[in-house]
Amino acid sequence: MSDSYQKECFDLLNKNFNGTIPRWEDLPAIQLYMDQIVELINTSLEPWNVSGETLLTPSMVNNYVKMGLLAPPEKKKYSRRHLAYLIMICLLKQIMPISDIRIFIESQIKFKDCEELLNSFAQTYENDFMMSLENMRSIMQGFDGIEDENSFYSMMILKSASLAGAGRYIVENSVKKISANNDKSKDEAEKNPAST
């Protein structure tokens with residue numbers, strides 16, 4: 001592998017990944033209007049925007065409210081809780097459908113308050129994201145003998161797509177398991193209404 005390709009790739013893997021995902025205590029304690037939350041989310045998550053598309057628009061926020069994924073604002077103002085949900089939604093929607101995000105958040109909020117959920121989510125996402133980049137750096141070391149730049153980047157695409165496919169497989173099967181468990185719990189609650 002050419003040293004220039006390796007350096008370029010390391011630069012690519014290191015590009016923009018110097019930020020942190022906001023924690024609960026980083027979020028404004030005061031309620032914000034729509035344009036303020038959109039700007040805050042897009043600015044805060046810019047280093048994590050792997051799609052290159054706008055992560056959040058006012059119409060997206062309105063759709064999340066209509067879908068029941070996000071609580072309606074109070075007097076057109078949004079709270080820390082709204083911001084916490086939007087951070088998770090905006091990061092996850094780059095890699096999974098909204099229906100799966102709903103199941104994930106609903107399953108987590110049963111066991112953690114919103115502050116704990118956001119902080120835990122942010123820490124895990126950051127750590128695992130950086131670990132994945134480190135794994136790609138290690139994988140890239142095995143590309144000896146690839147001298148053509150397009151072949152090199154094609155191999156990076158294939159390796160990354162394979163890892164993303166494995167991740168998607170895990171997400172889909174985990175979501176199915178959570179859904180099945182939720183259905184089982186509902187069935188049991190309906191059969192034994194006195195125990196709920």
message: Scan the stretch 45-59 and tell me whether some residue there is in a helix (DSSP H, G or I), buried (at least 19 other Cβ atoms within 10 Å of the Cβ), modelled with pLDDT of 90 or more and within 16 Å of the chain's Cα centre (by Cα).
response: no
field: Verdict on residue 38 being buried (at least 16 other Cβ atoms within 10 Å of the Cβ), modelled with pLDDT of 95 or more and not in a loop (DSSP other than H, G, I, E, B)
entry: yes
message: Quick check on the stretch 117-125. Is at least one of its residues in contact with a Leu (Cβ under 9 Å, 6 or more places away or on another chain), outside any helix (DSSP H, G or I) and of a type in the set (Phe, Trp, Tyr)?
response: no
- prompt: Restricting the search to the stretch 45-59, which residues are within 21 Å of residue 77 (Cβ to Cβ) and in contact with a Ser or Thr (Cβ under 9 Å, 6 or more places away or on another chain)?
  reply: none
- request: For the stretch 116-141, enumerate the residues that are under 12 Å from the mean Cα position of the chain (by Cα) and surrounded by 13 or more Cβ atoms within 10 Å (Cβ to Cβ).
  value: 118, 121, 122, 123, 125, 126, 129
message: Pairs please, first residue from the stretch 84-97 and closer than 18 Å to residue 174 by Cα, second anywhere and modelled with pLDDT under 95 and in a loop (DSSP other than H, G, I, E, B), Cβ atoms under 6 Å, 6+ apart in sequence or on different chains.
response: 94/50; 94/51
query: Taking into account only those residues within the stretch 154-196 that are surrounded by 13 or more Cβ atoms within 10 Å (Cβ to Cβ) and without any contact (Cβ under 8 Å) to a residue 40 or more places away in the chain, which is farthest from residue 111 (Cα to Cα)?
result: 155
- request: Might you let me know whether the stretch 171-181 holds any residue that is outside any loop (DSSP other than H, G, I, E, B), at pLDDT 80 or above and in contact with a Leu (Cβ under 8 Å, 6 or more places away or on another chain)?
  value: no
- prompt: If residue 76 satisfies every condition in (1) over 21 Å from residue 117 (Cα atoms); (2) modelled with pLDDT under 95 but one, which is the exception?
  reply: (2)
statement: In the set 91, 12, the lone residue that is closer than 25 Å to residue 164 by Cα, modelled with pLDDT under 95 and buried (at least 17 other Cβ atoms within 10 Å of the Cβ) is 91
query: Is it fair to say residue 143 is part of a loop (DSSP other than H, G, I, E, B) and either without any contact (Cβ under 8 Å) to a residue 24 or more places away in the chain or in contact with a Pro (Cβ under 8 Å, 6 or more places away or on another chain) (or both)?
result: no
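The values are calculated or read from the model by the stated rules, or taken from the named source; none is laboratory data. Please read all numbers here as calculations on a predicted model, not as lab measurements. Cβ sites come from the backbone with ideal geometry, for glycine too, and all protein chains shown count toward neighbours.
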